[in-house]
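The values are calculated or read from the model by the stated rules, or taken from the named source; none is laboratory data. Predicted model only: the values in this text are computed from it and were never measured. Here Cβ is always computed from backbone atoms with ideal geometry, including for glycine, and neighbour counts include all displayed protein chains. Areas reflect the complete protein model, heavy atoms only, side chains present, ligands, DNA and RNA absent. Shrake-Rupley method; radii C 1.70, N 1.55, O 1.52, S 1.80 Å.
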Amino acid sequence: MVSDPQPVATMEPDPAMEPVATMEPDPAMEPAAAPSPADRLPVLPLRGLVAFPGLAMPLQVGRDLSVTAVHEALARDQRILLLAQRDPQCLDPGPQDLFEMGSLAYVHQCFRNEGGTHKVIIEAVGRARVCDLERDGGCLWARIEEVAETEPDGPEIEALLRIVRGRFFSYMHLQPTLSEGVGHLVTQAETPSLLADTVASYTAIPFSDKQRLLEMMDPEARLRTLADILENELSLLEIQRKISDRVRGRMNRSQKEYFLKEQLKAIEEELGYHEGGEGISELRERIAACGMPEAVCKIALREHHRLSRMLPLTPQAVVITEYLDWLIHMPWQQRTEDDLDLRHAARVLDEDHYGLDEPKQRILEYLAVKKLSSRLREPILCFVGPPGVGKTSLARSVARALGRRFVRKSLGGVRDEAEIRGHRRTYVGAMPGRLIQSIRKAGVRNPVFLLDEIDKMGQDAHGDPASALLEVLDPDENNTFSDHYLEVEYDLSEVLFICTANVAGSIPPVLMDRLEVIELSGYTLDEKAHIAQRHLLPRELADHGLAEADVALARPVLQAVIERYTREAGVRNLRKCVATILRKIATERAAADPPPVAAHTVAEDDLRRYLGPARYRRGQAGPKQGVGTVTGLARTEVGGRSIVIECSCMVGKGELTLTGQLGEVMQESVKTALSWVRSRCNRPGVVPDRHTVDLHVHVPEGATPKDGPSAGLPVICALASAMSGCPARRDVAMTGEITLQGRVLAVGGIKEKVLAAHREGITEIVLPRENADDLDKVPQEVLSEVKVHLVDRVEECLREVVPAFKGHFRARAPTHARQEE
């Protein structure tokens, strides 16, 4: 093992090394053979190094062959022959592996290193040609012929000397690794042979060229060859310098920041700040492994290529990295297998919900068709009903019955289209829309997706989210849904979308056309009691840390709670009441010492202590009859309910006053009713002079807006009662739209209105005859307790509501009124 030659300024030993020999033989090593004749010299093979005469150099010697040769030289006259190996990789060279021309040298010092190698200071003094080479006694021995050199002189030689010196100094300028001491050696070399050998030693030229220079005997020829080699090296170095300058000139501030950030990143990784991070190559592997469609994969790879050419931590690089992360984590191929067992689905739906036969039947129909045909498109179901009837929980049950994952997003109050479609990546902090976020959260491409409160969406200057949902909820188009952030097509056709709403009329018609509406009406008293006993009570007992044996809450008590403390279509307030009772029982049991063992029985008389005074009373409050006061039926967002319509008649100037926040449609119904009453009633005094009477129609709960045509029938009864002074029955509730000819037209929400009347203790109602078929949806136990009058004309209703009007209508219409057919 050898090193490149370096100038030696002193021959003092290194204090860190142990001296082996200094001008004396090494006493620790005896020659392996008898002393050789004086004309033989030990040979030191050199690997990848050519030693030129006139220079001293340090060599690292480690092979046994070389160490033995060094010690043989020190044991004799310090002379040694330096020969270069033909193959630097050969570890045990023989005579055939060495060149015939080498350098005769003296070994000045030898030191043993800690690793077992030796450092040798050797000075080459002249050229020598090998006459005979053999291995003997553990090293190579050679008989040599010293080569005598003649130094030429003359102007041409002087010119060659200047050319070689000048080119070498130019070479040194382009090679900053050479020290100034090398320049001093070249300056001090006065003879042609010494200058050529010194320059050749310190020039980074190929090994073969150096050996060729060593074998050249003529110093002039050696100088000429060296001058050509230096010219070639200068040309190469100049080209390299130009390339380096060109590259260095392209380095801008961003590139400098890149190097600094890379150093900072390396420091942070060393400190453990970036454990778990992923590089560009790992990101590419994840893109290939996530199962993207071919078109999407091309876009992802294109963005990955852009990212690989950007500086890390720049804003654009962060945006692209986050974008690729969204593409990678989207479920492109992952899906769950549907459980198409109809019996299992029916059992799950019945376990979770009581009643709701229509939506359950629709789900089973969907499963049956899907089981028979693989081309069935996912339906877009919309559950419409008042709060608390189980719309959201029914959607969860559908997911459980199908074996799919369930995700829910509430659209109440959403006013920006970007909430659905996402923001474009040009915006700071852009994100995908709620749909894509939920699909990624689900982790599969076919979840049950609940769009809750779809009727509560609004719109503003940022767009209409309902319009953005048109593509999502259209089975023919949602297989190519494009989010503004992802900007790639994503297939939503396998998603089972279920929407919920309180009022179907609040859904835009163009969106309503894409939905399959399933109405969930309110529950009857018996249904609520059953739900409370079967579902609400066990759940609340578990939530309050109570066992079923700790509390006895009988069915009659639950019915009393429903009648006295709730008046709703669903069971949300009922659940709150049950939770209040159990909370107070849990407090009593926790405070008792010792804890009671027997079950805590709740009686009807205890309800006042737990829930306070009764909030509602079943049955009509107040007198059963009143002048100008009737009871109507309405459907609201929270279900059906009864409303009171009041009318007063007073001396005045023929003005009509409407109060109670009546909408435009309801105001028109009042005017239509007034026109009919004035034209059709023939009882004396019923229709006073229009210029002497003022009318005031009021619907209580004035803070609540009211609208719709279904109040026309009760308004006619209220006006007729007020203008005639005849009392009207308040225990009869009614609903229906009217015309100027006195026809009663069909209205919506019949089931909710009948249930509301039954819930409030009204036992007699008047409905349009055209709504007779809607009574089939009303539970039979409710119809058995409510008397229903079906009417075609207003006169039929007046005879039931205003008893004094029986037989007091005109037989024919006045001449200014249009005759009925």
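Accessible surface ranking for LEU41, LEU236, 1.4 angstrom probe, highest first: LEU236, LEU41.
In terms of packing, defined here as the mean over residues of other Cβ atoms within 10 angstrom, the peptides 125-131, 590-596 line up highest first as 125-131, 590-596. Rounded to the nearest 10 degrees, the inclination of helix 64-75 to the longest alpha-carbon principal axis of the chain is 40 degrees. With K and R counted +1 and D and E -1, the other residues having a Cβ less than 11 Å from that of ALA84 yield a net charge of -1. Packing around the peptides 203-211, 742-750, 476-484, 67-75, taken as the average count of other Cβ atoms within 10 Å per residue, puts them in this order, highest first: 67-75, 742-750, 476-484, 203-211. May I ask for the angle, rounded to the nearest 10°, between helix 253-271 and the longest principal axis of the chain, with both axes built from Cα atoms and the value confined to 0 to 90°? Approximately 90 degrees, to the nearest ten.
In nm², what is the average projected area of the convex hull enclosing the Cα atoms of the stretch 560-604? Display every interim value, and only then the final one.
Numbers: hull surface 14.1 nm².
If I average the Cα hull's projected area over directions, I get 3.5 nm².
Taking a point 7 Å out from the Cα of PHE169 in the direction of its Cβ, the residues of the stretch 195-209 whose backbone N falls within less than 18 Å of it are 195-196, 198-200, 202-203. Averaging 1/r over each pair of different alpha-carbon atoms in the stretch 376-504 and inverting the result gives 15.0 Å, the Kirkwood hydrodynamic radius.
When peptides 570-579, 542-551 are ranked by their average number of other Cβ atoms within 10 Å per residue, the highest-first order is 570-579, 542-551.
For n ≥ 4 DSSP H runs only, could you compute -39500 (n - 2.57) per run for the chain, divide by its residues and tell me the 222 nm figure to the nearest 500? Display every interim value, and only then the final one.
Working: 27 runs with 317 residues, N = 821.
Helix-only estimate at 222 nm: -12000 deg cm²/dmol.
Within a straight-line Cα-Cα reach of under 23 Å, LYS371 can be paired with the following lysines, leaving aside sequence neighbours fewer than 8 residues apart in one chain: LYS360. Averaging the Cα positions of each part gives two centres, and for the stretch 527-581 and the stretch 127-165 these lie 114 Å apart. Under 25 °C and 0.890 mPa s, how fast does the chain diffuse according to Stokes-Einstein, given a Kirkwood radius computed over C-alpha pairs? Answer in µm²/s, whole number. It diffuses with D of about 65 µm²/s by this estimate.
The residues of the chain have, on average, 49 Å² of accessible surface per residue, using a 1.4 Å probe with all protein chains present.
Legend: residues THR659, THR704, THR566, sorted from most to least accessible area (1.4 Å probe; ligands, DNA and RNA excluded), read THR704, THR659, THR566. Ordering VAL164, LEU178, ALA142 by the projection of their Cα atoms onto the charge dipole of the stretch 139-185, which places +1 on the Cβ of Lys and Arg and -1 on the Cβ of Asp and Glu, puts LEU178 at the extreme positive end. Of all accessible surface on the chain at a 1.4 Å probe, what whole percent is carbon and sulfur? About 50 percent, which is the carbon plus sulfur part of the accessible surface. Note on LYS706: lysines with a C-alpha under 24 Å away, same-chain residues under 8 apart excluded, are LYS456, LYS671, LYS751, LYS753. When its C-alpha radius of gyration is set against 2.2 N^0.38 Å (N residues), the stretch 644-777 gives a value of 1.06.
Mind grabbing the base-10 log of I(q)/I(0) for the stretch 517-671 at q = 0.08, 0.12, 0.16 Å⁻¹? Debye formula, identical points on the C-alpha positions, no solvent, two decimal places. Summing over Cα pairs of the stretch 517-671 leads to -0.38, -0.68, -0.96. Stretching LYS806 away from THR117 to a fully extended chain increases their span by 234.8 nm, per 0.36 nm per residue minus the current alpha-carbon distance.
Look at where the Cα atoms of the stretch 182-239 and of the stretch 430-509 average out, and the two centres are 80 Å apart. Figure note: ASP87, ASP694 ranked by solvent-accessible area, largest first, 1.4 Å probe, ligands and nucleic acids not counted: ASP87, ASP694.
In the chain, taking the dipole from charged Cβ atoms about the Cα centre, the farthest positive-side position among ILE562, LEU633, LEU194 is held by LEU633. Of all aspartates and glutamates in the structure, the ones whose alpha carbon falls short of 12 Å from that of LYS653, not counting any fewer than 8 places away in one chain, are ASP689, ASP694. A simple charge model with +1 on the Cβ of Lys and Arg, -1 on the Cβ of Asp and Glu and nothing else charged puts the dipole of the chain at about 6300 debye relative to its Cα centre. Between the Cα long axis of helix 391-402 and the first principal axis of the chain there is an angle of about 60°, rounded to the nearest 10. Considering only alpha-carbon pairs that sit under 8 angstrom and 6 or more positions apart, the relative contact order computed for the chain is 7 percent.
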